[in-house]
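Trainee: Take this structure, written in structure tokens, and hold onto it; I'll ask about it next.
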Amino acid sequence: MSTTKKLGLREKYRLMTRGLGWETTYQPMDKVFPYQSFEGIKIHDWDKWEDPFRLTMDAYWKYQAEKDRKLYAILDAFNQHNGHLNISDARYVNSIKLFLQGITLSEYNAHRGFVHLGRQFRGVGPRVASQMQALDEIRHAQTQIHALSHYNKYFSGFHGFQGMYDRLWYLSVPKSYFEDALTAGPFEFLTAISFSFEYVLTNLIFMPFMSGAAYNGDMATVTFGFSAQSDEARHMTMGLEVIKFMAEQDPDNIPIIQRWMDKWFWRGYRMLVLVAMMMDYMLPKKVMSWSEAWEMYFEQAGGALFEDLARYGFRMPKYADVSVKEKDRYSHEAWAALYHYGAAAGLHTWIPTSEEMEWMAEKYPNSFEQFYKPRLDYWDEQQKAGKRMYCASLPQLCQVCQIPAWFTEPDDPTQLCHRETEYKGETYHFCSDGCCDIFKGEPEKYIQARLPTHQIYQGNCGGASIEEVLKWSGIEVGHDNLDYLGSDDQKNWERWKHQTAVEKKIA
Amino acid sequence: MRLLYIALQENEEALPIIDSIIEDNPSATVRRYPGMVRIEADGRITVKRATVEGRLMRDWDPQELHLHLISIAGNVHETDDEFTLHWGTAEEMEK
Amino acid sequence: MTVNALYPDYQGKVRDAESNFHGGRLLYVAWNRHLMFTNPFAYLVQPDMKFGDFVKTVMAPSFETHPDWAKIDWTKVTWHRKGESFAPDCSKTLKENGLAHKAAIQFSTPGLDGIGGLGI
């Protein structure tokens, strides 16, 4: 029997991180790590970086392998038993189309960012943590593609996600968000992705999507989702750690970080409008409303977090109050816009059922029946009269978040919100003060934004007609887009359910 | 209230861990969702290795939590014997 | 500071300069209190187009699906630009009306308040 004493957690962590680094001698450290100083963040002692989980590579491999084994056992079972037939309703599938189109390749972009950091951080602790996270992120992209490939055999909208991510107009929202972060310096990237996104906001993606998937009978998505989320808990911890580390290194860092927190809170919050819409409209069986989720995960949990960070001199992100004002309208405005651009989407849209509208009226007592139900009812009547609303006019987009300017004034939900500014003689337009402030902080960056509407008009998107642009974007016109009613998905679903019912009777 | 929480997947292996957390943190609130259990508390949540081992009837490394974790809020403090979530500084926590 | 870059004097390229639109320019239009159109529209227009023609041939196909469109009394319509009132001359071109590249205008139709008077 071996008598070797097992290393303690702290000791092992020291050996497996600090023990792997060295001071370079052939080249000065500043040249080896050229991205360390241009953002203005001052680091005096990299050894102060502590990974609270003290996870080392050997333990990482062990646990990740275990997670993948569990995941693939379930995916195999799901596929072998035609798990897609157990979902609540085929409309549900559109929420995972949105996930695959908008989030999966964002995970890949996060991977790219952490690979860069895994090389470029001067401190060994954060470098090792970034390398692990880079592997997590590519694992997420791969397992999501793998899990959802089963749905691609049976439903529209799953086939061209790579092309769509680069070209389909509304996917420039997540794409530009991640590219904004990737083109920032390493400390801003961490504040953007690890702190603002992972710590403050990611719960609002994974918890509702995955609980929603569980509730709607989608075992494949629940499984990859919770498997990914088990990594997210570590990412969140790193996000909080990086903020504390930078704040403790030098008081000069605090205003810089606060500016990034303001920017990336707003950027992330705007991107989450897609999730708000998914929660309230795309899940046939609903878990909680966007408004409840925002209260739970941002107002309460975020409130406690910023109260804790106040000891460093941080405050709540700017315009957090606007997000609270918008919580009763966020999902409704987004779904209405997507419905009305339903001919140009890579998924199906629909008018909610009357039971769903009752749920919304209950969850949104101060807004749904006053502002949003009448619009849905009118569209419903039009649709029944054979005049389904398909807007063919291109939207004005916000220069920063790239979302059509559908948001309303914080204090007046009946008035569209519009901000504009000039820079070097050119005019720029925004959906909100939040986005306008971000532009003013770094105009030389955002004047380069690739706005899909403008690209179409410049002739860079496959042609001038909507049909040509959609084809160029990877959409199979007449299959992937348009209303759920009358879609291939609806027809197939009814046929399969009928067949299953008949088979059960015979048995 | 200084809200903290830990959310775990609801599966066979995680249930003894969930029960141990509930035992060790009697003032915590337990919320159950499809596929997930969220345990909330004010100020501090501790997961103790010894309690989990008592339920699992085997050795258990607090790092095994990684397999079942969904989300957490709070500062993390981990040792060979405990996994703790807290607000405030590490020094304040150790008091 | 206009950008946080690795090297000094970083300059971005204006991606949506007027010269990139092959002789056209962008004009954005929103109809107040008619949120059946959930957002303002972006149009590619020729600067020498008459404002009246713009309304009839460019805006109409976008907005005419709304039952209020046919009821508009154009003598009562008010226009706004940058939060101030704006009085376009229908017989003059967009350029003569001062609508430079990427101008954004809003119009209100007094008495017409959307479906059910609800601003939809």
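Trainee: Could you count how many residues in segment A:328-364 are open to solvent by less than 10 Å² (accessible area, probe 1.4 Å) and without any contact (Cβ under 8 Å) to a residue 12 or more places away in the chain?
Mentor: Here the count works out to 0.
Trainee: Looking at segment C:6-16, which of its residues are more than 7 Å from chain A (Cβ to nearest Cβ) and either open to solvent by less than 50 Å² (accessible area, probe 1.4 Å) or among the hydroxyl-bearing types (S, T, Y) (or both)? Before you say what the answer is, go through the steps one by one.
Mentor: The first filter runs over segment C:6-16 and keeps only residues more than 7 Å from chain A (Cβ to nearest Cβ), leaving C:7-9.
Across segment C:6-16, the qualifying residue is only C:Y7.
Trainee: Give the number of residues within segment B:54-76 that are of a type in the set (G, A, S) and more than 7 Å from every other protein chain (Cβ to nearest Cβ).
Mentor: Quick first cut of segment B:54-76, residues of a type in the set (G, A, S) only: B:54, B:71, B:73-74.
So of that shortlist, the ones also more than 7 Å from every other protein chain (Cβ to nearest Cβ) come out as B:54, B:74.
Of the residues in that region, 2 qualify.
Trainee: Which residue out of A:R91, A:R112, A:R54, A:R69 is part of a loop (DSSP other than H, G, I, E, B), basic (K, R), open to solvent by 10 Å² or more (accessible area, probe 1.4 Å) and out of contact with any His (no Cβ under 6 Å at 6 or more places or on another chain)?
Mentor: On the way: A:R91 fails: part of a loop (DSSP other than H, G, I, E, B); A:R112 fails: part of a loop (DSSP other than H, G, I, E, B); A:R69 fails: part of a loop (DSSP other than H, G, I, E, B).
Criteria check complete, one pass: A:R54.
Trainee: Sticking with this structure for a sec: Looking only at segment B:15-30, which residues are closer than 18 Å to B:L85 by Cα and not hydroxyl-bearing (S, T, Y)? Spell out how you get there, then give the answer.
Mentor: Just the residues of segment B:15-30 that are closer than 18 Å to B:L85 by Cα, to begin with: B:17-30.
Within segment B:15-30, B:I17, B:I18, B:D19, B:I21, B:I22, B:E23, B:D24, B:N25, B:P26, B:A28, B:V30 meet the criteria.
Trainee: Report yes if some residue within segment B:15-30 is within 13 Å of another protein chain (Cβ to nearest Cβ) and either of a type in the set (D, E, K, R) or touching a Leu at 6+ places or on another chain (Cβ under 6 Å) (or both); otherwise report no.
Mentor: Checked segment B:15-30: no residue is within 13 Å of another protein chain (Cβ to nearest Cβ) and either of a type in the set (D, E, K, R) or touching a Leu at 6+ places or on another chain (Cβ under 6 Å) (or both).
Trainee: Next up: Quick one: is B:H77 on the phi < 0 side of the Ramachandran plot and open to solvent by less than 10 Å² (accessible area, probe 1.4 Å)? Talk me through it step by step, then tell me what you get.
Mentor: Working: on the phi < 0 side of the Ramachandran plot: yes; open to solvent by less than 10 Å² (accessible area, probe 1.4 Å): no.
No, not satisfied.
Trainee: Keeping to segment A:137-178, report how many residues are in a loop (DSSP other than H, G, I, E, B) and free of Cβ contacts under 8 Å to residues at least 12 places away in the same chain.
Mentor: Filtering segment A:137-178 for residues in a loop (DSSP other than H, G, I, E, B) gives A:153-160, A:168.
Filter once more, so that each one left must be free of Cβ contacts under 8 Å to residues at least 12 places away in the same chain: A:153.
Qualifying residue count for the region: 1.
Trainee: When you go through A:I138, A:I193 one by one, which is the residue that is among the β-branched types (V, I, T), open to solvent by 20 Å² or more (accessible area, probe 1.4 Å) and at pLDDT 95 or above?
Mentor: On the way: A:I193 fails: open to solvent by 20 Å² or more (accessible area, probe 1.4 Å).
It is A:I138.
Trainee: For segment A:437-482, how many residues meet the condition of being part of a helix (DSSP H, G or I), in contact with a Gly (Cβ under 8 Å, 6 or more places away or on another chain) and more than 14 Å from every other protein chain (Cβ to nearest Cβ)?
Mentor: Qualifying residue count, segment A:437-482: 3.
Trainee: Right, something else. Pairs please, first residue from segment C:56-78 and more than 17 Å from A:Y390 (Cβ to Cβ), second anywhere and of a type in the set (S, T, Y) and assigned to a loop (DSSP other than H, G, I, E, B), Cβ atoms under 7 Å, 6+ apart in sequence or on different chains.
Mentor: C:D68/C:T109; C:I72/C:T109; C:V77/C:T109
Trainee: Under 8 Å between Cβ atoms, which residue pairs at least 6 apart in sequence (or on different chains) link something in segment B:58-70 that is open to solvent by 10 Å² or more (accessible area, probe 1.4 Å) with a partner that is assigned to a loop (DSSP other than H, G, I, E, B)?
Mentor: Every condition considered, the pairs that remain are B:L67/B:E13.
Trainee: Now, a different point. Report, by residue number, each residue of segment A:280-300 that is more than 15 Å from B:Y33 (Cβ to Cβ), within 14 Å of chain B (Cβ to nearest Cβ) and surrounded by 19 or more Cβ atoms within 10 Å (Cβ to Cβ). Before the answer, list the steps.
Mentor: First pass over segment A:280-300, keeping only residues more than 15 Å from B:Y33 (Cβ to Cβ): A:280-282, A:284, A:290-291, A:294-295, A:298-300.
If we keep only those that are within 14 Å of chain B (Cβ to nearest Cβ) as well, we get A:284, A:295, A:298-300.
Result: A:P284, A:F298.
Trainee: State whether one or more residues within segment B:77-90 are within 11 Å of chain A (Cβ to nearest Cβ), under 12 Å from the mean Cα position of the chain (by Cα) and without any contact (Cβ under 8 Å) to a residue 24 or more places away in the chain.
Mentor: The answer is yes, given that some residue of segment B:77-90 is within 11 Å of chain A (Cβ to nearest Cβ), under 12 Å from the mean Cα position of the chain (by Cα) and without any contact (Cβ under 8 Å) to a residue 24 or more places away in the chain.
Trainee: What number of residues within segment A:385-436 satisfy the criterion of being part of a loop (DSSP other than H, G, I, E, B) and within 22 Å of A:Q370 (Cα to Cα)? Don't jump to the end; show me each part of the working.
Mentor: Taking segment A:385-436 first, the residues part of a loop (DSSP other than H, G, I, E, B) are A:385-394, A:396, A:398-403, A:405-407, A:410-411, A:417-418, A:424-425, A:431-432.
From what's left, within 22 Å of A:Q370 (Cα to Cα): A:389, A:405-407, A:410-411, A:417.
Residues that pass the stated criteria total 7.
Trainee: Test of understanding: among C:N32, C:N97, which residue is within 12 Å of chain A (Cβ to nearest Cβ) and under 17 Å from the mean Cα position of the chain (by Cα)?
Mentor: Numbers: C:N97 fails: within 12 Å of chain A (Cβ to nearest Cβ).
Matching residue, one of C:N32, C:N97: C:N32.
Trainee: Could you please give the count of residues in segment A:300-353 that are modelled with pLDDT of 95 or more, in a helix (DSSP H, G or I) and farther than 22 Å from A:M246 by Cβ?
Mentor: Qualifying residue count for the region: 19.
Trainee: Can you name the residue in segment A:398-416 that is free of Cβ contacts under 8 Å to residues at least 40 places away in the same chain and surrounded by fewer than 19 Cβ atoms within 10 Å (Cβ to Cβ) and, of all such residues, is farthest from the other protein chains (Cβ to nearest Cβ)?
Mentor: A:E409
Trainee: So A:R270 passes all but one of these: (1) of a type in the set (D, E, K, R); (2) free of Cβ contacts under 8 Å to residues at least 12 places away in the same chain; (3) surrounded by 23 or more Cβ atoms within 10 Å (Cβ to Cβ). Which condition number does it fail?
Mentor: Among (1) of a type in the set (D, E, K, R); (2) free of Cβ contacts under 8 Å to residues at least 12 places away in the same chain; (3) surrounded by 23 or more Cβ atoms within 10 Å (Cβ to Cβ), A:R270 violates only (2).
Trainee: Check off (1) more than 9 Å from every other protein chain (Cβ to nearest Cβ); (2) open to solvent by 20 Å² or more (accessible area, probe 1.4 Å); (3) of a type in the set (G, A, S); (4) within 30 Å of A:E39 (Cα to Cα) for A:G434 and give me the number that stays unchecked.
Mentor: (2)
Trainee: Also: I'm checking my understanding of the structure. Among residues of segment A:212-229 that are surrounded by fewer than 24 Cβ atoms within 10 Å (Cβ to Cβ) and within 7 Å of chain B (Cβ to nearest Cβ), which one is farthest from A:Y72 (Cα to Cα)?
Mentor: A:Y215
Trainee: Confirm whether A:I466 is surrounded by 15 or more Cβ atoms within 10 Å (Cβ to Cβ), within 19 Å of A:S323 (Cβ to Cβ) and not polar (S, T, N, Q). Spell out how you get there, then give the answer.
Mentor: Values: surrounded by 15 or more Cβ atoms within 10 Å (Cβ to Cβ): yes; within 19 Å of A:S323 (Cβ to Cβ): no; not polar (S, T, N, Q): yes.
Against the criterion (surrounded by 15 or more Cβ atoms within 10 Å (Cβ to Cβ), within 19 Å of A:S323 (Cβ to Cβ) and not polar (S, T, N, Q)), A:I466 does not qualify.
Trainee: Of a type in the set (V, I, T), facing chain A (nearest Cβ under 10 Å) and open to solvent by less than 20 Å² (accessible area, probe 1.4 Å): does that describe B:I45? Break it down stepwise before answering.
Mentor: Details: of a type in the set (V, I, T): yes; facing chain A (nearest Cβ under 10 Å): no; open to solvent by less than 20 Å² (accessible area, probe 1.4 Å): yes.
So B:I45 fails the test.
The values are calculated or read from the model by the stated rules, or taken from the named source; none is laboratory data. Here the structure is a predicted model, which is why all the values come from computation and not from measurement. Cβ coordinates were reconstructed from backbone atoms using ideal geometry, including for glycine residues, and neighbour counts include every protein chain displayed. In case anyone asks, the SASA skips ligands and DNA or RNA and just uses the protein heavy atoms, side chains included. Shrake-Rupley method; radii C 1.70, N 1.55, O 1.52, S 1.80 Å.
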